[in-house]
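Here is the structure we will look at, set down as structure tokens.
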Amino acid sequence: MVNEQYKIIKEIKEYASVNKVPIMMDEGIDFLTTYIIKNKKRHILEIGTAIGYSAIMMALCNKEIQITSIERDEVRYMEAVKNIKRMGLENQITLLYQDALNVRLDDTFDLIFLDGAKGQNRKFFELFERNLEDNGSIITDNIYFHGLVMKNENEIESKNVRGIVRKIKDYISFLKTNENYETTIYEIGDGISVSQKKGS
Ligand code: SAM
């Protein structure tokens, strides 16, 4: 990475902090990029671009990596377009401004990274696993949802949050009992799951 790119990434992180845009924690990004490099991932689908931070960090792992990333929020999508252009990564990252649940893709990917609405993870998984290559894996961030997944439901005041927590718990047991994948949950950042497709 050249100095100018470091500067832009620092600015992207500052923008996220000032504007309260949730982006991956440093620990999570380190884990994800190490995983990509170690496992030689080249075709990545990301659900939840936000302002392009994680897509940029993944693209920087290797010049051959191609990423498709989906974002439904217009302001964030526009910011991501700008950031990716500033980084000169337009040839590696394709952004789609859509609700991922309405997207159908023909392409295949060796890594699918789920970082959209946390209560929709199972829907994302079931929708996009058809796009996963035989040696592929699906990574999900924030599997512990700010630690709330470990809490007793009665301790969570908001009905809305309780609903999301219930869906995440359902997603975790869906992953653990899914015989087509070997899932490991890592105690990194807010919890990251890696589901490796079996038989590959
Ligand atoms: N991956 C980003 C990063 O680390 O730089 C952070 C993504 S942020 C945690 C989640 C993003 O997913 C939000 O910007 C939100 O608008 C978007 N999102 C949530 N549900 C979505 C959906 N169904 N389709 C597309 N984008 C979605």
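The values are calculated or read from the model by the stated rules, or taken from the named source; none is laboratory data. The structure presented is a predicted model; accordingly, all values stated were derived computationally and were not measured. Positions of Cβ are generated from backbone atoms using ideal geometry, with glycine treated the same way; all protein chains shown enter the neighbour counts. Areas reflect the complete protein model, heavy atoms only, side chains present, ligands, DNA and RNA absent. Shrake-Rupley method; radii C 1.70, N 1.55, O 1.52, S 1.80 Å.
Just for the stretch 45-78: of the residues that are more than 10 Å from the ligand (Cβ to nearest atom) and buried (at least 18 other Cβ atoms within 10 Å of the Cβ), which one is nearest to L114 (Cα to Cα)?
The extreme case among them is L45.
Taking the stretch 141-160, which residues are of a type in the set (S, T, N, Q), open to solvent by less than 90 Å² (accessible area, probe 1.4 Å) and without any contact (Cβ under 8 Å) to a residue 40 or more places away in the chain?
N152, S158
Any residue at all in the stretch 24-44 that is within 11 Å of the ligand (Cβ to nearest atom), open to solvent by 90 Å² or more (accessible area, probe 1.4 Å) and either modelled with pLDDT under 95 or closer than 22 Å to A100 by Cβ (or both)?
yes
State which residue is most open to solvent (accessible area, probe 1.4 Å) when the search covers only the stretch 84-107 and only residues that are closer than 27 Å to D170 by Cβ and away from the ligand (no atom under 12 Å from the Cβ).
Only one residue fits best here, namely R104.
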